[in-house]
Amino acid sequence: MNSIEANQLTKKFGDFTAVDHICFEVREGEIFGFLGANGAGKTTAIKMMSGLLLPTSGTATIAGYDILTQSKLIKRNIGYMSQKFSLYGDLTVFENMQLFGTIYKIPRKELKERIMDSLRELEMDAQANTLVDSIPLGWKQKLAFATAILHRPKIVFLDEPTSGVDPIVRREFWKLIYQAASKGVAILVTTHYMDEAEYCNRISIMSEGQIKLIGTPEELKKQMGVDTINDVFVKFVKR
Amino acid sequence: MRTILILIKKEFLQVFRNPLLLSILVVAPMVEFMIFPFCADYEIKVLNIAFIDNDRSQISKDIIHSFNSSDIFVSKGLLTSKKEADEKMKHDKIDLLVEFPSHFEESLYKNEPTVIAVTANAINSVKAGIGTGYVQEIIGGYMQDFAAANTPSNMSAAIAQQASMQSNSASFSQGEDGERQSNSSAVMPAQTITPPMPIRINISNIYWYNEQMNYKNLIVPGILVILVTLIGCYVTALNLVREKEIGTIEQVNVTPIRRWQFLLGKMIPFWLLGMAEFGAGLIIMKFVFGISVQGSLPLLLGITAIYLLVMLGLGFFISSVSENQLQSMFIVLFLFIVFVLLSGVFTPTEGMPGWAHKINYLNPMSFYIEVIKKIILKGSEFESVMRETIVLSVMAVIINTGAVLSYREASK
């Protein structure tokens, strides 16, 4: 079963078409990369699929549920990490995870175990009672990811999760993504970093609201006759 | 239920970790309470007065002298010209000018009409009104003494005029002083005498519900109202929109939480805080200002609880329709000023034109201040605040429905 199926998904803001009839699907456990310049429509597409924005036309099914009519069911099955860091800075690491875990109705005892487990994985157990505002950005991003998958969603949307983060943390972050994907979670990730695009199972390049190229990194490189995704992108932009 | 509880916990944690918000919640009201009642005082305690005496007679000197024995007047002495007086009034050196015409004494004895000109600086109209009132009272008092000391045939029209002016400006019960009245008019019954005999009437006022005419009794409950309104409306209006600004609301909106759950999780903490503030306000009111609640405390708390719901709902409504804290701050500030000025918290509503009264039907604060005054100062029972209670309840339902409906998880 496909985790995400977008069908002619379109979003217009007045005269401006932010997302223009995009169609694609993401399989279970697949890491799907959304590439494109700023303003290409990546964030708008993600917001529609996660129920934050209503589409102008077209539709999509997320985990088998329709975004127009079954948004409550979708919300239970997705995790979301926004472009902007959006955990509560004035709550501690533990309090943040507890808050979101409780909202997803994870039973109290199990929630505590899950939080401790995931903090141990992140090697952040010592920071459990630190205010989120006072931890470094890279850790914040890892924490936001851990919080987004705490309720074991089927699909995770990551909107530029690694922007502004140093290369070491980026690599660690991708390790977390792989781990989640290996458990069957579908991941839709947007990024500016072309090296990260190489880590994806499949990528799509968006421009002016449309998906211009789609395929595995290998396919795209072959198609454009270049060696790296970076060159694919440069060549695509020049075209 | 667990969801709402965790949201309440979150909100309290955030409030107590936010030093700025804490100081808004705790320090600001306390300062308002400790300073404002002592400053917002309509009582006129000092009036600077000067005189121009064109008569220089014994009577004019006596009248001027009688001003010195009053606590409220500070005599700035005799001036020689109108121009000098103008200059002094312009520079706020004097509030009042009393000018005696030449041949003042002569006219009095000849029983001719004569006029004492009283000029007041009416930039502050309350002060001017009260000032000229006092001047009339003192001159009138002197004239009555003068009249009593002289034969009735010497009564001047001016005195009569003074006396009648006095009785026009004050509302009083003649019956109370009937005895005295008949005493002084015993010599010549009023109907048969021309010129009319000035009636000597002492007016004694009893002010119900605020016997000492203590302005604090009006101001302090007013501040209580402002306090509850600020907590209810201002803090909540900023709170929700702040989450919009920092983006946390997006993280909440992708969760399966229901919007009424989210709003309840926001309202309950601030409702509790508002009630706590109100309680603290009542305690300060009692122990600092000696004003205790005359009516039923549970009734007062109950209606306050409803009023807080109105304000919380309004706060959330404002923050869900505004984009950032600046916008919602301006909206709240605008509404707040309108509410306060129209509500009668500090100014009486009786003098307002009809349209203002109509607008006041939409002003929750005007209903609430009525309740506060009635229950705290008058000791009113539920029957006399029933209308206000019903109106506030209806407002609470409408505004909170509006708040829930206007709060969107997904934007169009």
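The values are calculated or read from the model by the stated rules, or taken from the named source; none is laboratory data. Since we're looking at a predicted model, the values are computed, not measured. Positions of Cβ are generated from backbone atoms using ideal geometry, with glycine treated the same way; all protein chains shown enter the neighbour counts.
General remarks:
- Annotation: of all residues in the range A:61-73 being within 9 Å of another protein chain (Cβ to nearest Cβ) and of a type outside the set (G, A, S), the one that is surrounded by the most Cβ atoms within 10 Å (Cβ to Cβ) is A:L73.
- Residue in the range B:265-285 that is among the β-branched types (V, I, T), surrounded by fewer than 22 Cβ atoms within 10 Å (Cβ to Cβ), under 25 Å from B:F36 (Cα atoms) and more than 14 Å from chain A (Cβ to nearest Cβ) present: yes
- Breaking point among (1) outside any helix (DSSP H, G or I); (2) hydroxyl-bearing (S, T, Y); (3) within 14 Å of another protein chain (Cβ to nearest Cβ), for B:T3: (1)
- Residue that is surrounded by the fewest Cβ atoms within 10 Å (Cβ to Cβ) [pool: residues in the range B:6-19 that are more than 8 Å from every other protein chain (Cβ to nearest Cβ) and in contact (Cβ under 8 Å) with a residue 60 or more places away in the chain]: B:F12
- Subset of the range A:190-206 [of a type in the set (S, T, Y), within 13 Å of A:R170 (Cβ to Cβ) and in contact with a helix residue (DSSP H, G or I) (Cβ under 6 Å, 6 or more places away or on another chain)]: A:Y199
- Matching residues in the range A:1-13 - criterion: being over 15 Å from A:G39 (Cβ atoms) and either under 17 Å from the mean Cα position of the chain (by Cα) or without any contact (Cβ under 8 Å) to a residue 40 or more places away in the chain (or both): A:N2, A:S3, A:I4, A:E5, A:A6
Listed here are the residues, each with its yes/no results for (1) outside any helix (DSSP H, G or I); (2) in contact with a strand residue (DSSP E or B) (Cβ under 9 Å, 6 or more places away or on another chain); (3) closer than 18 Å to B:P29 by Cα.
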{"site": "B:F270", "(1), (2), (3)": "no, no, yes"}
{"site": "B:L273", "(1), (2), (3)": "no, no, yes"}
{"site": "B:I291", "(1), (2), (3)": "yes, no, yes"}
{"site": "B:G302", "(1), (2), (3)": "no, no, no"}
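- For the range B:225-255, taking the residues that are of a type in the set (V, I, T) and more than 14 Å from chain A (Cβ to nearest Cβ), the one that is surrounded by the most Cβ atoms within 10 Å (Cβ to Cβ) is identified as B:T236.
- Restricted to helices (runs of 4 or more DSSP H) entirely inside the range A:84-168, those with at least 2 residues that are touching a Gly at 6+ places or on another chain (Cβ under 8 Å) are A:108-121, A:137-148.
- Of all residues in the range A:197-214, at least one satisfies being surrounded by fewer than 19 Cβ atoms within 10 Å (Cβ to Cβ), of a type in the set (A, V, I, L, M) and over 18 Å from the mean Cα position of the chain (by Cα).
- Failed criterion for B:L272 (all others in (1) touching a helix residue (DSSP H, G or I) at 6+ places or on another chain (Cβ under 7 Å); (2) modelled with pLDDT of 90 or more hold): (1)
- The residue of the range A:112-137 that is nearest to B:I4 (Cα to Cα), among those that are over 23 Å from the mean Cα position of the chain (by Cα) and within 14 Å of chain B (Cβ to nearest Cβ), is A:K112.
- Options A:K183, A:K175; residue that is of a type in the set (K, R), surrounded by fewer than 21 Cβ atoms within 10 Å (Cβ to Cβ) and without any contact (Cβ under 8 Å) to a residue 12 or more places away in the chain: A:K175
- Segments classed as helices (runs of 4 or more DSSP H), wholly inside the range B:25-135, with at least 1 members that are in contact with a Lys or Arg (Cβ under 8 Å, 6 or more places away or on another chain): B:27-39, B:82-90
- Residue match in the range A:170-183 (condition: in contact with a Pro (Cβ under 7 Å, 6 or more places away or on another chain) and either of a type in the set (D, E, K, R) or away from every other protein chain (no Cβ under 14 Å) (or both)): yes
- Test set (1) facing another protein chain (nearest Cβ under 10 Å); (2) crowded, with 19+ Cβ neighbours inside 10 Å - A:L54 fails condition number: (2)
- Flag if B:F51 is in the same structural domain as B:G129 (by TED's automatic domain parsing) and either out of contact with any Phe, Trp or Tyr (no Cβ under 7 Å at 6 or more places or on another chain) or on the phi < 0 side of the Ramachandran plot (or both): yes
- Only one of the listed residues (A:N96, A:N77) is within 13 Å of chain B (Cβ to nearest Cβ), within 22 Å of A:Q179 (Cβ to Cβ) and buried (at least 22 other Cβ atoms within 10 Å of the Cβ). That residue is A:N96.
- Whenever a residue of the range B:236-264 is part of a loop (DSSP other than H, G, I, E, B), its partners that are polar (S, T, N, Q), lying with C-beta atoms within less than 7 angstrom and at least six residues away or across chains, give the pairs B:G247/A:S82; B:G247/A:S86; B:V254/A:S50; B:I257/B:T3.
- Test: residue in the range B:324-340 that is in a loop (DSSP other than H, G, I, E, B), surrounded by 15 or more Cβ atoms within 10 Å (Cβ to Cβ) and at pLDDT below 90: no
- Some residue of the range B:54-61 being basic (K, R) and within 16 Å of B:F146 (Cβ to Cβ): yes
- Across the range B:107-127, the qualifying residues are those that are modelled with pLDDT of 85 or more and among the small types (G, A, S), and the one among them that is nearest to the chain's Cα centre (by Cα) is B:A120.
- Test for A:L35: is it over 30 Å from A:T216 (Cβ atoms), out of contact with any Asp or Glu (no Cβ under 7 Å at 6 or more places or on another chain) and either away from chain B (no Cβ under 13 Å) or not in a strand (DSSP E or B) (or both): no
- Check on A:F145, more than 10 Å from every other protein chain (Cβ to nearest Cβ) and either in contact with a Cys (Cβ under 8 Å, 6 or more places away or on another chain) or buried (at least 17 other Cβ atoms within 10 Å of the Cβ) (or both): yes
- Within the set B:F104, B:F73, the sole residue that is surrounded by 13 or more Cβ atoms within 10 Å (Cβ to Cβ), at pLDDT 85 or above and under 19 Å from B:L47 (Cα atoms) turns out to be B:F73.
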